[in-house]
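Beneath this line is the structure, given in C-alpha cells, with notes to follow.
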Amino acid sequence: MLFPRLSGGLVASLNRKAFSFEGLEPVSHEMVDQSQLQKAMLFEIAVARAEHILTGELSPEWEGSIQIAAKRQSRHFDAKVPGEVTDSDKSVAEHAAQNLVAMLHSVQEQHPGSQLEASPLIPGMGWIASGRGDFSLGTILIEVKHTGRNFGSGDFRQILMYWILKYAGAIEHEIDVWSDCLLLNPRRNSALLVNFDRLLQSASASSNRVELCELLRSIVGYDLERR
C-alpha cells in the first residue's frame, strides 16, 4: 500500500548502481556452505564481532559476539546460543566482520567529521515498536545485509519504513532525519547508496514524505493530536 511501485523493475534498476570496495574479497560460497550454523546466526555473529573490532578490540573474544548475536536473533526468532561454534564458522564470521569494518572505515574517510553510530534508534508508531538499525554516519543510515543475492524489494521496503518512522519522530521531537541509505553486503563485497527522497518517490505513487507519513499513521491508527 505504501510502496506499490517497489517491484522487480525498480529493484533491478537500483541494483545496477551497486559497487564494490577495492581490495576486499567476497566470502566464498564454499566457506559459507561448510558452516553448520543457521546463516542468520552466523552473520549476526559477524556483525557483533565487527562492532567489537570498531571499538578498538583487535582480537575480541568470540563468546561476547556469540552472546550478543543470540540476544539479537531472539527478538525475531526462537534463537539460542549455539552449542558449538566451529573453526569454519569463525572463519566465515571473521572474514565477513573484517570486510564490514573495512567498508565502514572507507565510508568514514569519505565523510570526515561525521561520527559512526552503532544501533541507531528507529522510533515506533502506534503498534509498531521502536527498534534499532545497524549503523548510521551523520545523515546516512547504514544497513548490513549478508545475503548471497542482490539487494531485494524487502531490503528497500525495510529501509523505507525506517525512514518514515524516523521522519515521523523528527516532526514530533525535532530530531535529525537521514538523507541517504548505504546498503552494505560484506559477504559479497557489494554496496549501494540510495537517496531516500528519490527512493520514496519512485517506490510510492509519487507521494511526498508528508503524505506517506500520514498514510502510515492512518494504517496503524495513530492520532498525533492525542499524544
Problem - Residues of region 115-129 classified as under 23 Å from Gln158 (Cβ atoms) and part of a loop (DSSP other than H, G, I, E, B), total - result: 7
Problem - Close pairs from region 154-178: first farther than 18 Å from Ser207 by Cβ, partner in a helix (DSSP H, G or I), Cβ under 8 Å, at least 6 apart - result: Glu172/Leu224; Ile175/Lys166; Ile175/Gly169; Asp176/Ala170; Trp178/Trp163; Trp178/Lys166; Trp178/Phe196
Exercise for the section: Note down all Cβ pairs under 8 Å where the first residue falls in region 2-30 and is at pLDDT below 95, the second is among the charged types (D, E, K, R), and they're at least six residues apart or on different chains. Expected result: Phe3/Arg157; Leu6/Arg157
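For the subset of region 36-48 comprising residues that are crowded, with 19+ Cβ neighbours inside 10 Å and more than 16 Å from Glu143 (Cα to Cα), which member is modelled with the highest pLDDT?
To start, the set of residues in region 36-48 that are crowded, with 19+ Cβ neighbours inside 10 Å comprises 37, 41-48.
With more than 16 Å from Glu143 (Cα to Cα) added as a condition, the list becomes 37, 41-42.
Details: Leu37: 90, Met41: 91, Leu42: 94.
Among those residues, the one meeting the criterion is Leu42.
Can you say whether Val81 is in a loop (DSSP other than H, G, I, E, B), modelled with pLDDT of 80 or more, over 20 Å from the mean Cα position of the chain (by Cα) and over 19 Å from Phe135 (Cα atoms), as far as the supplied structure shows?
Values: in a loop (DSSP other than H, G, I, E, B): yes; modelled with pLDDT of 80 or more: no; over 20 Å from the mean Cα position of the chain (by Cα): yes; over 19 Å from Phe135 (Cα atoms): yes.
No, not satisfied.
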Practice task
Determine which single condition Phe135 fails, assuming it passes every other condition in (1) in contact with a Lys or Arg (Cβ under 9 Å, 6 or more places away or on another chain); (2) under 23 Å from Leu54 (Cβ atoms); (3) aromatic (Phe, Trp, Tyr).
Solution key: (1)
Handout entry: Where a residue in region 103-128 is of a type in the set (Ser, Thr, Tyr) and its partner, wherever it lies, is part of a strand (DSSP E or B), with Cβ under 7 Å and at least six apart
Key = Ser114/Leu137; Ser119/Arg132
Handout entry: Verdict on Pro112 being under 26 Å from Ser190 (Cβ atoms), assigned to a loop (DSSP other than H, G, I, E, B) and in contact with a His (Cβ under 9 Å, 6 or more places away or on another chain)
Key = no
Completion exercise
In the set Ser28, Ser35, Ser65, Ser91, the lone residue that is small (Gly, Ala, Ser) and in contact with a His (Cβ under 7 Å, 6 or more places away or on another chain) is Ser65
Handout entry: First in region 55-78 and under 26 Å from Ala129 (Cβ atoms) and charged (D, E, K, R), second anywhere and crowded, with 17+ Cβ neighbours inside 10 Å and modelled with pLDDT of 80 or more, Cβ under 6 Å, 6 or more apart
Key = Arg72/Glu44
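Only one of Gly56, Gly9 is surrounded by fewer than 19 Cβ atoms within 10 Å (Cβ to Cβ) and part of a loop (DSSP other than H, G, I, E, B); which? Explain how you work it out, then say what you get.
Values: Gly9 fails: part of a loop (DSSP other than H, G, I, E, B).
Exactly one residue qualifies, and that residue is Gly56.
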Problem - For Ala70: the one exception among (1) in a helix (DSSP H, G or I); (2) at pLDDT 90 or above; (3) over 30 Å from Ser207 (Cβ atoms) - result: (2)
Exercise for the section: Output the qualifying pairs, or none if there are none: Cβ atoms under 8 angstrom, residues six or more apart or on different chains, first residue in region 195-219 and within 23 Å of Gly124 (Cβ to Cβ) and free of Cβ contacts under 8 Å to residues at least 12 places away in the same chain, second residue hydrophobic (A, V, I, L, M, F, W, C) and not in a helix (DSSP H, G or I). Expected result: none
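Inside region 1-40, can you point out the residues that are farther than 30 Å from Ala203 by Cα and polar (S, T, N, Q)? Reasoning before the result, please.
Taking region 1-40 first, the residues farther than 30 Å from Ala203 by Cα are 22-25, 27-38.
Scanning region 1-40 gives Ser28, Gln34, Ser35, Gln36, Gln38.
The values are calculated or read from the model by the stated rules, or taken from the named source; none is laboratory data. Keep in mind that what you see is a predicted model, and the values were worked out from it rather than measured. Cβ atoms come from the backbone with ideal geometry, glycine included; neighbour counts cover every protein chain shown.
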